[in-house]
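Contents: one structure, followed by commentary.
Values quoted throughout were computed directly from the atomic coordinates according to the rules given, and no laboratory measurement underlies them. Note that the structure is a prediction, hence the values are computed from the model and not measured. Every residue, glycine as well, gets a Cβ built from its backbone with ideal geometry; the counts of neighbours run over all protein chains shown.
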């Protein structure tokens, strides 16, 4: 395991001088993984080769981080979440318990002639989660999809298409049912757009997308 002083999404990683990373007994962290300072990896979690985890993250019990997955700073990946390569998570992303990020368009154990598939027999596709977004417990994100900044995917949702910034999506397949702000609170309509009841941030909706209104 290499300890990084840099954010994996902002600059190249390098070996740190103070390996302030906590890895619980029973966790399996590849020597080739890069882990940011202040990150905690809990029991039975597995972090695979060439994965890059940012600073001050929490990797929950029995979570799985696939080969080459990239995770930003201040992320929480909860118990039993499965983050398969080549997923990319921005800063401040929350991944709830038992979430699954898939990585195969046409999953098969064998080739058409009945031979067991190897890594060279398929092309992985990934899920991208932008800054501040949250994925609720038990949700499934079917790659390739992108989850926008500060979006919120409801528990148990099945995401099969891209989710816009600040969108609240739910159901199977997931559909937008509202908008949320940075606090996660559902936005309320006002005379000229949308407002966050927690932060009083203002937004305007154009062509099905939400834009932040300048202060």
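The table for this structure:
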{"quantity": "Mean-position separation - Cα centroids, the stretch 57-84 and the stretch 86-119, in angstrom", "calculated": "14"}
{"quantity": "Rg/Rh (Cα only; Kirkwood hydrodynamic radius) as it applies to the stretch 88-215", "calculated": "1.10"}
{"quantity": "Three principal axis lengths of the chain [C-alpha, angstrom, descending]", "calculated": "57, 52, 27"}
{"quantity": "Residue 111-residue 160 FRET efficiency (beta carbon distance; Förster radius 25 Å; 0.05 resolution)", "calculated": "0.45"}
{"quantity": "For 101, 94, 203, order by how many other beta-carbon atoms lie within 10 Å, fewest first", "calculated": "203, 94, 101"}
{"quantity": "The stretch 10-111: mean projected area of Cα convex hull, nm²", "calculated": "7.0"}
{"quantity": "Within the stretch 57-173, percent of DSSP bridges classed antiparallel, to nearest 5", "calculated": "5"}
{"quantity": "Burial ranking of peptide ranges 158-169, 191-202 (average Cβ count within 10 Å, highest at the top)", "calculated": "158-169, 191-202"}
{"quantity": "Sorted by Cβ neighbour density within 10 Å, fewest at the top, the residues 49, 131", "calculated": "49, 131"}
{"quantity": "Cα gyration tensor category, rounded, prolate or oblate, for the stretch 123-169 with a/c compared to 1.5", "calculated": "oblate"}
{"quantity": "The stretch 51-94: C-alpha gyration tensor shape, a/c 1.5 cut-off, then a/b vs b/c", "calculated": "oblate"}
